[in-house]
Amino acid sequence: MRPASYLLIAIAHLQIISFSTAADTQPVTSRVPGETAKKSDTQPVTSRVPGETAKKWCKVYQKSCPIQVGKSDGNQAYPGEFPHMAAIGYGEESGIKWHCGGALISEKFVLSAAHCSNSPSVGPPKWVLLGAVFLINTTATDGSKGQIHPIMRIIRHPEYKAPANYNDIVLFEIGPAITPNPRPLNSKELHPACLSENRTLPGKQALATGWGRVEYFGDTSPNLLIKHLQILELSVCEEAFKHITKKTLSMGFVPSMLCAGVLPGKRDTCQGDGGAPLHSFLMNECTYEVWGVTSFGSVCGDPKKPSVYTKVFAYISWIEDIVWPA
């Protein structure tokens, strides 16, 4: 799914914004909804070490641990196993369609892929589902099975220009849950993930989670699925995607991308997994560290066809200046 429009859109409670990079500016919230950010609306960001603020908040989130849950060895996740996992929903409240994934990274923000910020058929996303392993399409449920939050703002990276695959990252600011009896977003069962501080990842093992298709032409899964992947050198993806047109990869592969998969095939992210996290365990396997955001791929699960993820650390300053402004 790729967005068809990159204009500022104000629909009901929703505001879509593209903010300049963190090194130059920070968002100003005193703006009339629907107005485009102007140069006069921005101000310099106080200089700070990239990742320092995220690390501080990571320690706060870890206080929600530990939670003892069974660890799934197969494809399906257990309830509470991924307390930061989010599904991104489109359409009206009475019939929400979940087409992308994301990760809760603070009590107000969900990290996802910019290509999930608009759908040609149903428009921008309006909902985030948290605390669920089985997808629900109505708000008439109990918070113990998942809770739905409205998306208040969509903040795409300002250098994301579809159909190019660069800077494929977005932040969704969420409002209070509309589901009865919601759980707090700092509970053992439901709390934010940490952000990666790693600059070098090749060779490491990671997990990809999502509700995407189980095979290339297959159906999406109503259950949260887990794939065990390996971080590969970018050169592996360069070889796998050498047929990709200049329109989508005009600069080739860049350091802000991650390549991950299993070279024999079979395990991979697929359509519907876009925006979902590529992550790893931290502490007592209760809090996770997000390394990447699912961006694009080829034929799901084919040998020597890994997928590509947006590298979180490359955008840490941009994220920090929006989520935890100085």
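Annotation for E92 and V49: the two label points, set 7 Å from Cα along the Cα-Cβ direction, are 5.3 nm apart. Find how many whole Å separate the alpha carbon centroid of the range 90-139 from the alpha carbon centroid of the range 142-178. After rounding, the separation between the Cα centres reads 7 Å. Annotation: lysines with alpha-carbon distance below 21 angstrom to K227 (same-chain offsets under eight excluded): K71, K204, K266, K304, K305, K311.
Fully extended, how many nm does the chain gain between V122 and A164 (0.36 nm per residue separation, minus their Cα-Cα distance)?
Values: separation 42, 0.36 × 42 = 15.12 nm, distance 2.13 nm.
Extra length available between V122 and A164 comes to 13.0 nm.
Between Q76 and V254, what FRET efficiency follows from the Cβ-Cβ distance if R0 is 45 Å, with the result rounded to 0.05? FRET efficiency, Q76 to V254: 0.85.
DSSP loop trypsin sites (Lys or Arg not before Pro) in the range 132-195 with at most 10 other Cβ atoms within 10 Å of their Cβ, which ones? Working shown, then result.
Details: sites: K145, R153, R156, K161, K188; in loops: K161, K188.
Listed in order of number, the matching sites amount to none.
Fully extending the segment from I178 to E107, taken as 0.36 nm per residue of separation minus the present Cα-Cα distance, adds 24.0 nm.
In the range 133-197, taking the dipole from charged Cβ atoms about the Cα centre, the farthest positive-side position among Q147, P192, Y166 is held by Q147. Between K304 and E197, the FRET efficiency estimated from the beta carbon spacing at R0 = 41 angstrom works out to 0.85.
Any read-out appearing in this document is the output of simple, stated calculations on the displayed coordinates, not a laboratory observation. Predicted model, so just to flag it, every value in this text is computed and none were measured. Note that each Cβ is placed from the backbone with ideal geometry, even for glycine, and that neighbours are counted across all protein chains shown.
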